[in-house]
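The structure appears right after this line, and notes come after that.
The values are calculated or read from the model by the stated rules, or taken from the named source; none is laboratory data. Bear in mind the structure is a predicted one, so any value in this text is a computation, not a measurement. Cβ coordinates were reconstructed from backbone atoms using ideal geometry, including for glycine residues, and neighbour counts include every protein chain displayed. All accessible areas refer to the heavy atoms of the entire protein, side chains included, with ligands and DNA or RNA removed. Shrake-Rupley method; radii C 1.70, N 1.55, O 1.52, S 1.80 Å.
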Amino acid sequence: MDKRFFLKRSLAIGGVFVLLVAVNAVSAGFVGFNPLKVLADIPGGIVWMAQNFMPSVAAFEKIDTILISLGKTVLLSVASSCIAAVFAYLCAVIGSREAGLGGPFPLIIRGIASVFRNIPVVAWAFILMFSFKQSEFTGFLALFLGTFGYLTRCFLESIDEVAGGSVEALRATGAGFAPIVTQAIIPMSITAVVSWTLYMIETNIRDATLIGILTGAGIGALFDVYYKSFRYDLAALVILCIVVAVIACEAISNYVRRQII
Amino acid sequence: MEARNLLQIEKLGKDYSSKSKALTDVTLSLPRGQFVSVIGSSGAGKSTLLRCINRLIDPNAGSIVFDGKDVAGMGRRELRQVRRRISMIFQHYNLVYRSTSIENVLQGRLGYKSTIAGVLGLYSEEEKERAFTILDQLGLAEFAYTRTDQLSGGQKQRVGIARALLQDPLLILADEPIASLDPKASQMIMEHLRWAVDTLGITCLVNLHQVDYAIEFSDRILALKKGHLVFDGTPDELDARAISDIYGTPYVEERAVRGGLFENLEEEVLATVGAA
């Protein structure tokens, strides 16, 4: 047994730890970040939040305005996710390595998906605001494009994972591409597709709030207005409603997922 | 035409990259109604050979003539017509697991359908009746409406065979059909394939890892080694020396060969080869 082996390993782990601390210290010093001061400030921050960020009784008078906005945002997310899912699925079927048309398609589709996926939704919103101004459509488009990129990638992986064998079998029977899609690829991948789409709806409700602040529409815009006019009680109520909506959505999609397996 | 061989392969070659050759100069012919096994180590080119015949893999060299038609050179449309008469059975069954048995069996007819009928999954009453009859013949009548992901391995493979038979094939290509099955299910699957050869006159080309099954069920055995066809003969001719040659393991004791004691021979060889 080589005792130095264990010694070396301990030294290596210790060295990495020291290095991490050093990097942290240098970067914190550079931006003037003082961890101790932050720790000391936390209790005060919490107290302030508890005092101001509390939905008051008066705030509930505005609940109908809030719920209407929230409803719009939720529906926008659902619509953008579902339409993006349709386009993403078409692209994924064509571009799938195992099942698709082959040739240059896998590379092209992957490239397109990658571009849309790697531009953050917020960046899309900024870009699109120049062309489409502040409107709900801008928000819809931003969510659509981000979701399209992400779902295309997910669907590609799902199809390649589940459909390869059955596609090969149907190809061997002499079936053409279109029947293979409807008879094998769709049935084999439909659960994954529904599952991913539900996940994107959840994510998009969260993102839509942020996008709404930028595009001046939906629940995000409402929050922005209340927040900037120092109506923290209303802003808090908005956040509470969003949290409830997101949790409800997650519960529903979990239920649906369990049912379709 | 009918008197000619069902399948005639000449100097078939396939390489996946410039360095590795999967198949080299494979020449063989299959008559109608013969049970032919292909043995050889993993990576010897068995799967490649089968997939070249229905062009799931495109060969680089040589010719494949199936039922009088040159498969190697034909276009997509013609190829789909030829594939209708060549069924395939897979090690991992390759069923649509979210569909029922009967739906999977009917998919064997997709090659005969128009695009619209295929897309919508519209099958004639006659096709449905035949599908039920075949399921019944394979002992799966009660599982017709069962989703295939709930079947056992042996049952899944029987659905695979039913799908293959509904194609009205002249040739069945079976790629390791029993490699994932227990001995009882394996025996049953091999018996069904043998039955297809004997009663329906279909030719079966079966890749096998299990030499004992190949000897028990085949009319003829082929062996591939590093992409070359190194053996083509009856099960009787496949002696211990031939087997050790094929698998590249040391020659087993000669006494095992004498007297044609096959049980003995197999045990000896399998023990050495580790193929069981």
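When B and A come together, around 1900 square angstrom of accessible surface is lost from both chains combined, probe 1.4 Å.
The residues of region A:2-52 have, on average, 92 Å² of accessible surface per residue, using a 1.4 Å probe with all protein chains present. Taken over chain B, lysine pairs spaced eight or more positions apart, or on distinct chains, with alpha carbons under 23 Å apart number 24.
Per-residue shielding of A:161-170, expressed as the average number of other chain Cβ atoms within 10 Å of the residue Cβ, stands at 6. For a modelled paramagnetic label at B:K11, 7 Å from Cα along Cα-to-Cβ, the residues of region B:23-62 in reach, with backbone nitrogen under 12 Å, are B:25-27, B:61-62. Of all the options B:R76, B:R220, B:R147, the one that moves most in a Gaussian network model of chain B with Cα springs shorter than 10 angstrom is B:R76.
Heavy-atom accessible area with a 1.4 Å probe sorts A:S189, B:S20, largest first, into B:S20, A:S189. For region B:61-134, the fraction of 1.4 Å probe accessible surface lying on carbon and sulfur atoms is 50 percent.
Along its first, second and third principal axes, ordered by size, region B:1-118 spans 41, 36, 28 Å in Cα coordinates.
Accessible area of A:F223 (1.4 Å probe, protein heavy atoms only, ligands and nucleic acids ignored): about 40 Å². Computed over region A:2-52, the P(r) curve from all C-alpha pair distances, binned at 10 Å from the origin, holds 20, 25, 24, 17, 10, 4, 0 percent per bin. Count Lys and Arg as plus one, Asp and Glu as minus one, and take only other residues whose Cβ is under 12 Å from that of B:Q150; the net charge is then +2.
Rounded, prolate or oblate: pick one for chain B, where a ≥ b ≥ c are the square roots of the eigenvalues of its C-alpha gyration tensor, a/c under 1.5 means rounded, and failing that, prolate if a/b is larger than b/c, else oblate. Verdict is oblate for chain B. Of the solvent-accessible surface of region A:58-260, computed with a 1.4 Å probe and all protein chains present, 71% belongs to carbon and sulfur.
Largest accessible area first, the residues A:C154, A:C91 order themselves as A:C91, A:C154 under a 1.4 Å probe with ligands, DNA and RNA left out. Nearest 10 degrees is fine. How inclined is helix B:125-137 to the longest principal axis of chain B, computing both from alpha carbons? Approximately 40 degrees, to the nearest ten. Membrane-span-like helices in chain A (whole DSSP H runs, Cα extent of at least 27 Å along the helix axis, mean Kyte-Doolittle hydropathy of at least 1.6): A:63-95. Centroid-to-centroid, using Cα positions, region B:1-67 and region A:162-206 are 32 Å apart.
Mean partner shielding of peptide B:142-149, defined as the number of other chain Cβ atoms within 10 Å of each residue Cβ, is 0.
Using the alpha-carbon positions of region A:58-260, Rg (one decimal) and Dmax (whole number) come out as 19.7, 70 Å. At a probe radius of 1.4 angstrom, the accessible area of region A:112-261 per residue rounds to 43 square angstrom. Computed over protein heavy atoms with a 1.4 Å probe, the accessible surface of chain B works out to 44 Å² per residue. Comparing the protein assembly as shown with the 2.2 N^0.38 Å rule of thumb, its C-alpha radius of gyration ratio is 1.34 (two decimals). Peptide B:75-83 is shielded by partner chain Cβ atoms: per residue, an average of 2 of them sit within 10 Å of its Cβ.
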